[in-house]
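**Q** Here you go, one structure.
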Amino acid sequence: MIIAKEKDETIILIPSLEPDDRLLSYVRQLQKYGFTKLVIVDDGSGENYKHIFENLEHNGCFVLYHEENRGKGEALKTGFRYIAQHYGDAHYVVTADSDGQHAAEDVYRIAEEAKRRPNDLLLGVRDFSAGDIPPKSLFGNRMTSFIFALLYGKKLSDTQTGLRAFGTGLLSFMLDVRGKRFEYELQMLISCIQSGIAIHTVPIQVIYENGNAGTHFKAIQDSARVMGVLFSNFFRFISSSVASSVVDLGIAWFLIDSLRPMMGDQHYLRILLATVIARVISIIVNYVLNRHYVFRKEDSRGSLWRYLTLCGLIIILSSTGVYLFHTLFQVDEKAAKFVCDALLFLLSFQLQRRWVFAARRKQA
């Protein structure tokens, strides 16, 4: 093995829970590649594992301790805070797992790539088409990747990889990402997409020792957290739409009755006026909810006009779709309306995420 020159500008961060002696061997492999700044976070492993972390300290690592288990996301954030406080901007952070899944040479490769893309997030992605993959890991990754691409428009073959790299200029951003346990890594990807931070992938080896027996991923609890993060935006989008519909219907009903004494027998004009006022108010409510609650874009300049343009487009597509379904395929108009609006609801979510409230990062 060729020992690389010292990589003073790269910090390796490894969160660890109840490791075995292989972690020390892994650290030595990393050091052979020239990595001298290694930060290990003991996420509440307890007294039985104290000797392992003491050995790591004696071998040049800086160890941070949690008195009790807080979760992988919190362990990463503890490491991020330490790095932000003790290192300058001209450094790079590489996160790796302590269970032997990330080869030292792959850590070296992704660290080198991070130097070329300091403002982006680098992911070390595994090829799951290879054999010897634990079934639950294979199914979980493929399912998550499929849903992630569907909802967020970014195809990533490995959304759960722990091998990641970025410049220290992104540390404050990473610390603001929500999540405490395994769901944090998925939320990091979503937050990067929403904020316009580019994500690039680097192929790495697939290593599962003993069928991935060393993992601390809890199938039910952690999977539920991951799915909750994955669908969180879409569920908020649905709740925003429901709330706006309630506002639209409630105000329309109220005005239809309230305007009767003033407008007398002008029934059509009264209904039209009530409908228009209610729709305008519900559109404003929906825009405000989507901007501040669903997509959380406080500084999305020009988004109102893009939103109104989208509303007009959806109306045209809905009416045209219903007409075509009815005339060309003899589909009942009400059924056609239901199908068209369901499809347009999904289209509206994607267009609002990608265009109306899309991040527009300033160029340096």
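The values are calculated or read from the model by the stated rules, or taken from the named source; none is laboratory data. The model shown is predicted, which means the values in this text are computed figures rather than measured ones. Ideal geometry is used to build each Cβ from the backbone, glycine not excepted, and the neighbour counts take in all protein chains shown. Calculation scope for accessible area: heavy atoms of the full protein, side chains included, ligands and nucleic acids excluded. Shrake-Rupley method; radii C 1.70, N 1.55, O 1.52, S 1.80 Å.
**Q** Could you list, in sequence order, the residues of the stretch 237-249 that are loosely packed, with under 14 Cβ neighbours inside 10 Å and touching a residue at least 12 places away in the same chain (Cβ under 8 Å)?
**A** If the condition is that a residue be loosely packed, with under 14 Cβ neighbours inside 10 Å and touching a residue at least 12 places away in the same chain (Cβ under 8 Å), then 245, 249 are the ones that fit.
**Q** Sticking with this structure for a sec: Name the single residue, out of those in the stretch 97-114 being within 24 Å of residue 196 (Cα to Cα) and under 23 Å from the mean Cα position of the chain (by Cα), that is surrounded by the fewest Cβ atoms within 10 Å (Cβ to Cβ).
**A** 113
**Q** Taking the stated definitions as given, is residue 172 in contact (Cβ under 8 Å) with a residue 24 or more places away in the chain, open to solvent by 10 Å² or more (accessible area, probe 1.4 Å) and out of contact with any strand residue (DSSP E or B) (no Cβ under 7 Å at 6 or more places or on another chain)? Working first, answer last.
**A** Details: in contact (Cβ under 8 Å) with a residue 24 or more places away in the chain: yes; open to solvent by 10 Å² or more (accessible area, probe 1.4 Å): yes; out of contact with any strand residue (DSSP E or B) (no Cβ under 7 Å at 6 or more places or on another chain): yes.
Judged against the criteria, residue 172 is a match.
**Q** Still on this structure, please answer the following. In the stretch 66-83, what residues are surrounded by fewer than 16 Cβ atoms within 10 Å (Cβ to Cβ) and either in contact (Cβ under 8 Å) with a residue 60 or more places away in the chain or over 27 Å from the mean Cα position of the chain (by Cα) (or both)? Give the derivation first.
**A** Just the residues of the stretch 66-83 that are surrounded by fewer than 16 Cβ atoms within 10 Å (Cβ to Cβ), to begin with: 67-68, 81.
Across the stretch 66-83, the qualifying residues are 67, 81.
**Q** Can you name the number of the only condition in (1) open to solvent by 50 Å² or more (accessible area, probe 1.4 Å); (2) assigned to a helix (DSSP H, G or I); (3) without any contact (Cβ under 8 Å) to a residue 60 or more places away in the chain that residue 157 fails?
**A** Failed condition: (2).
**Q** Right, here's the next one. Which one is most open to solvent (accessible area, probe 1.4 Å), of the residues in the stretch 115-145 that are hydrophobic (A, V, I, L, M, F, W, C) and modelled with pLDDT under 95? Walk me through it before giving the result.
**A** The first filter runs over the stretch 115-145 and keeps only residues hydrophobic (A, V, I, L, M, F, W, C), leaving 121-123, 125, 128, 130, 133, 138-139, 143.
Now drop any that are not modelled with pLDDT under 95, which leaves 125, 128, 130, 133, 138-139, 143.
Details: 125: 15, 128: 17, 130: 48, 133: 23, 138: 43, 139: 136, 143: 76 Å².
Result: 139.
**Q** Let me ask another. Tell me which of these residue 234 doesn't satisfy, since it passes every other one: (1) buried (at least 18 other Cβ atoms within 10 Å of the Cβ); (2) closer than 21 Å to residue 179 by Cβ; (3) in contact (Cβ under 8 Å) with a residue 60 or more places away in the chain.
**A** (1)
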